[in-house]
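Quick note: the coordinates plus some simple rules give every number you see, no bench work behind them. Keep in mind that this is a model prediction, so the values were computed, not measured. Neighbour counts are summed over all protein chains in view; Cβ atoms, including those assigned to glycine, are modelled from backbone coordinates with ideal geometry.
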Amino acid sequence: MRTSKLTKAAALAFGVVWAAGCSTSSTTDTAQTATDTDGSATQGVGVGSDVTGVTIEDLANLRTVFYFDFDQSVLKAESYADLEKHAAYLSQNPSASVVLEGHADERGTREYNIALGERRALSVSRFMQVNGVSGGQVEVVSFGEEKPAVVGHSESSWSQNRRVELKYTAR
């Protein structure tokens, strides 16, 4: 009985020490991470980022369609650079606004795909807000499976339909 209590105490102490050691952050990391209420993490630019002075002309060279893995609403790392530049532009231009259109492929129920498209658009919205964009500049809309980019019943078609489209609007 006594050994069992000592083992539990040692395991608890080890867990606390391990958790404390894992919670330290590197001072060279310039990215910030915000944890959302659903437990997902949103990556953002940090103090050391050099994303400043983005002009309307620069936007023409940036991607405006961001793709997602099957049944996922987590941003891919390849999206960060362009989204950081879009966020920099929006934060520097408070009168500018954007609509984030969430989409899903045809698999799943209509209701599920509407919710998934919304989660994807909200993921992009949170990323932008972490990077300085005002919530009032961003509108989230979900079309689910209703507006496919590519019509087809294959993985190549579906992968192009799992997306968020970023569209600037006049205010």
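Spacing of the modelled spin labels on Glu111 and Ser95, each 7 Å from Cα toward Cβ, amounts to 4.4 nm. Model label points for Glu78 and Thr55, set 7 angstrom from Cα along the Cα-to-Cβ axis, are 2.9 nm apart.
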